[in-house]
Each structure stands twice: as structure tokens, then as C-alpha cells.
């Protein structure tokens, strides 16, 4: 019997979806948010957020909620499996924050992490 292991899902919170929806509503039709992981930052890896006009690639994860569409490529998903994408608005400022169970360390800005 062959066992297929599924990658943990990435969750987009309602707050994050509403903010993404608000942002892309001011962009040209078909704009989506692509979140990816790249080398760099102060902890080794960093999240990148890009507004793009593209169709999902065959291996992309597509998160759709409340009019928002977020794409994550399969390589980035290896680092982000099980993560929660949230949006916070507090006294320090406004930002997307990713609560990533794969990260063993992160920097103060919240966009850089180590695995």
C-alpha cells in the first residue's frame, strides 16, 4: 500500500483576505497577490509579496476568500506548509504576518525567518 503524504494547508485569515481584497480592488482586473519565499533577509529566508497579473501555474496553491486571491508556488509551500497568513493593524503599524510552524527563528520585522 502506497501512502501519499499531503502538505499541510496554508490558511488565509478573514482579516488578511479583506485587506488583500481591498488592495487588489484598486488594481487592474485580474490582479492577484503572490507570496513567495526567497533567500535573504536577516534570518536566511524572507517572504516576498507581489501584486501580479498572471494565471496560477499548474503547481501553485490558490487561496481564495472574500474576493481575494493569493498564489503560493510549490517551492515556497515547502517552507510555508501549515502557515497562517494574517493581517494586523496595531499601534506599531499595519502589516501582513505569517505564522509559520516551520520557522525556528524570525526577525523583529516579521518578514524574515530561519528553518
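At a glance:
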item	result
Tabulated pairs, the stretch 15-28, first under 12 Å from residue 51 (Cβ atoms), second in a loop (DSSP other than H, G, I, E, B), C-beta under 7 angstrom, 6+ apart or interchain	24/31; 28/53
Unique match (being on the phi > 0 side of the Ramachandran plot and touching a strand residue (DSSP E or B) at 6+ places or on another chain (Cβ under 7 Å)) among 82, 67, 44	44
Strands (runs of 3 or more DSSP E) enclosed by the chain - at least 2 residues per element that are at pLDDT below 95 and loosely packed, with under 14 Cβ neighbours inside 10 Å	32-40, 84-90, 93-99
Output for the stretch 66-81, where each listed residue is under 11 Å from the mean Cα position of the chain (by Cα) and either more than 11 Å from residue 37 (Cβ to Cβ) or in contact (Cβ under 8 Å) with a residue 60 or more places away in the chain (or both)	69, 70, 71, 72, 77, 80, 81
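The values are calculated or read from the model by the stated rules, or taken from the named source; none is laboratory data. Quick caveat: nothing in here was measured; it's all calculated off a predicted structure. Every residue, glycine among them, receives a Cβ derived from its backbone with ideal geometry; neighbour counts consider all protein chains shown.
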